[in-house]
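Engineer: Okay, here's the structure, questions in a sec.
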Amino acid sequence: MKPTLLVLAAGMGSRYGGLKQLDRFGPSGETIMDYSVFDALAAGFGKVVFVIRRDFEAVFREAVGSKYERRVPVEYVFQQLDDLPPGFTVPSGRTKPWGTTHAIWSARRAIAEPFVSINADDYYGKTSFKAVAEHLRRTPSPGRPADYCMVGYPILQTLSDHAAVTRAICEVDDGGFLEALVERTKVERAGDRARYVDEAGTRHLLGGDEVVSMNFWGFTPSVFDHLERHLIRFLETDGRAREKAECLIPVVVGELLGEKVATVRVLATSDAWFGVTHPEDKPTVTQTLREMVARGAYPSPIWTEG
């Protein structure tokens, strides 16, 4: 069974100042998504599912879907504020989406095979897609915890030169399995290392080779029941009490590990990760893609007619 690529493309782009999912970065006007879909198809993925918002459905279908639909089956699902587990309604005053856990859960009716979940505005690399596809093709062992995976990237490869970021730092055991995820905020470069600021305002120096999650996850459909269970827990606590609280997938995965209902293998990659959080990141991403095309890593344009 070919795995499915799930692309989370419903973000608001508030820090970027627009829909970075649709912004053009490649030398022939490609989006970052173009490269992810291209790499996924080369790795043997058989379907693409986009999580989007209804308010930009028409422009998204025209700008994005039309490029892919003649090459691979494409489906669209909507991350809607009122799409909640039975018994829950949207609290008064809530306007912000529920986060990445909810975004993935939104695709529960569109996916019945192993799948990869990625951010639309991040570049992950060819080797990464091949590694996850190979893992997802394994036959699950009956009676054992769910067998998931993620691609880990060295933290220094993931930092912005323009502003501090939030990163989920992975604790990995000797067998290559994820033990825990610790989210650190205000992470930035410190010479040839990295540092973060804790809630008390204290700075902590990191080695620079820590592995972080960039939301490149490999799941089986069993994850949807787990996500719903944790989404319910979230809605019963933070989600209803705090207007802007989000149910984030790294947090939920960490909880699944604690419950011992899943294992997550951390897949190493030689690929670089890059993405756009702030407008100032665009020139660097654009130049990097031009260099990759120049050395033959990708065609330009990446999609040809026919």
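Engineer: Which residues, counting only those in segment 167-200, are of a type in the set (Ser, Thr, Tyr) and either in contact with a His (Cβ under 6 Å, 6 or more places away or on another chain) or at pLDDT 90 or above (or both)?
Structural biologist: Initial filter on segment 167-200 (of a type in the set (Ser, Thr, Tyr)): 185, 196.
Correct list: Tyr196 only.
Engineer: Here's something else I'd like to know. I'd like the residue in segment 158-182 that is over 19 Å from Phe274 (Cα atoms) and acidic (Asp, Glu) and, out of all such residues, is most open to solvent (accessible area, probe 1.4 Å).
Structural biologist: In the first step, residues of segment 158-182 are kept if they are over 19 Å from Phe274 (Cα atoms); the result is 171-182.
Next, only the ones that are acidic (Asp, Glu) stay: 171, 173-174, 179.
Values: Glu171: 90, Asp173: 55, Asp174: 168, Glu179: 110 Å².
In this case the residue turns out to be Asp174.
Engineer: Got a number for residues in segment 205-222 being in a strand (DSSP E or B) and at positive phi?
Structural biologist: Quick first cut of segment 205-222, residues in a strand (DSSP E or B) only: 205-206, 211-219.
Keeping just the survivors that are at positive phi gives 215.
Number of matching residues: 1.
Engineer: Which of the following residues is open to solvent by 30 Å² or more (accessible area, probe 1.4 Å), closer than 24 Å to Trp303 by Cβ and among the β-branched types (Val, Ile, Thr): Val77, Val59? So that I can check it myself, show each step before the final result.
Structural biologist: Values: Val77 fails: open to solvent by 30 Å² or more (accessible area, probe 1.4 Å).
The match here is Val59.
Engineer: To continue, here is another question. Run Val211 past the list (1) open to solvent by less than 60 Å² (accessible area, probe 1.4 Å); (2) more than 20 Å from Glu179 (Cβ to Cβ); (3) aliphatic (A, V, I, L, M); (4) in contact with a strand residue (DSSP E or B) (Cβ under 8 Å, 6 or more places away or on another chain) and report the number of the one that doesn't hold.
Structural biologist: (2)
Engineer: So how many residues does segment 123-157 have that are polar (S, T, N, Q) and surrounded by 17 or more Cβ atoms within 10 Å (Cβ to Cβ)? First the steps, then the outcome.
Structural biologist: Our first condition is that a residue be polar (S, T, N, Q); within segment 123-157, this holds for 127-128, 139, 141, 157.
Going one step further and asking which of them are surrounded by 17 or more Cβ atoms within 10 Å (Cβ to Cβ), we end up with 128.
Summing the residues that are polar (S, T, N, Q) and surrounded by 17 or more Cβ atoms within 10 Å (Cβ to Cβ) in segment 123-157 gives 1.
Engineer: Counting only residues that are charged (D, E, K, R) and within 17 Å of Pro250 (Cβ to Cβ), which one in segment 183-208 is surrounded by the most Cβ atoms within 10 Å (Cβ to Cβ)?
Structural biologist: Initially, segment 183-208 is screened for residues charged (D, E, K, R), giving 183-184, 186, 188-189, 192-193, 195, 198-199, 203.
Adding the requirement that they be within 17 Å of Pro250 (Cβ to Cβ) leaves 183-184, 186.
Numbers: Glu183: 16, Arg184: 20, Lys186: 16.
Per the stated criteria, the residue is Arg184.
Engineer: Given the criterion of a type in the set (D, E, K, R), part of a helix (DSSP H, G or I) and without any contact (Cβ under 8 Å) to a residue 12 or more places away in the chain, identify the matching residue among Glu134, Glu171. Talk me through it step by step, then tell me what you get.
Structural biologist: Numbers: Glu171 fails: part of a helix (DSSP H, G or I).
None of the others qualify; the one that does is Glu134.
Engineer: Can you tell which of Gly87, Gly18, Gly46, Gly99 is touching a Pro at 6+ places or on another chain (Cβ under 9 Å) and either at pLDDT 90 or above or open to solvent by 50 Å² or more (accessible area, probe 1.4 Å) (or both)? Spell out the reasoning first.
Structural biologist: Working: Gly87 fails: touching a Pro at 6+ places or on another chain (Cβ under 9 Å); Gly18 fails: either at pLDDT 90 or above or open to solvent by 50 Å² or more (accessible area, probe 1.4 Å) (or both); Gly99 fails: touching a Pro at 6+ places or on another chain (Cβ under 9 Å).
After ruling out the rest, the residue left standing is Gly46.
Engineer: Of a type outside the set (A, V, I, L, M) and in contact (Cβ under 8 Å) with a residue 12 or more places away in the chain: does that describe Pro154? Working first, answer last.
Structural biologist: Values: of a type outside the set (A, V, I, L, M): yes; in contact (Cβ under 8 Å) with a residue 12 or more places away in the chain: yes.
Yes.
Engineer: Here are Thr139, Thr202, Thr158: which of them is within 25 Å of Gly258 (Cα to Cα) and out of contact with any Cys (no Cβ under 9 Å at 6 or more places or on another chain)? Break it down into steps so the answer makes sense when it comes.
Structural biologist: Numbers: Thr202 fails: within 25 Å of Gly258 (Cα to Cα); Thr158 fails: within 25 Å of Gly258 (Cα to Cα).
The conditions single out Thr139.
Engineer: So how many residues does segment 187-223 have that are hydrophobic (A, V, I, L, M, F, W, C), farther than 18 Å from Ala272 by Cα and touching a helix residue (DSSP H, G or I) at 6+ places or on another chain (Cβ under 6 Å)?
Structural biologist: Number satisfying all stated conditions: 0.
Engineer: Okay, next question. Please go through segment 106-122 and pick out each residue that is surrounded by fewer than 19 Cβ atoms within 10 Å (Cβ to Cβ) and under 13 Å from Phe50 (Cβ atoms). Break it down stepwise before answering.
Structural biologist: Quick first cut of segment 106-122, residues surrounded by fewer than 19 Cβ atoms within 10 Å (Cβ to Cβ) only: 108-110, 112-113.
Of everything in segment 106-122, just one residue is surrounded by fewer than 19 Cβ atoms within 10 Å (Cβ to Cβ) and under 13 Å from Phe50 (Cβ atoms), namely Ala110.
The values are calculated or read from the model by the stated rules, or taken from the named source; none is laboratory data. All figures in this text were calculated on a predicted structure; none of them were measured in a lab. Counting neighbours? That spans all protein chains shown, and the Cβs are built from the backbone with ideal geometry, glycine included. To get the accessible areas, we keep the full protein, side chains included, count just its heavy atoms, and leave off ligands, DNA and RNA. Shrake-Rupley method; radii C 1.70, N 1.55, O 1.52, S 1.80 Å.
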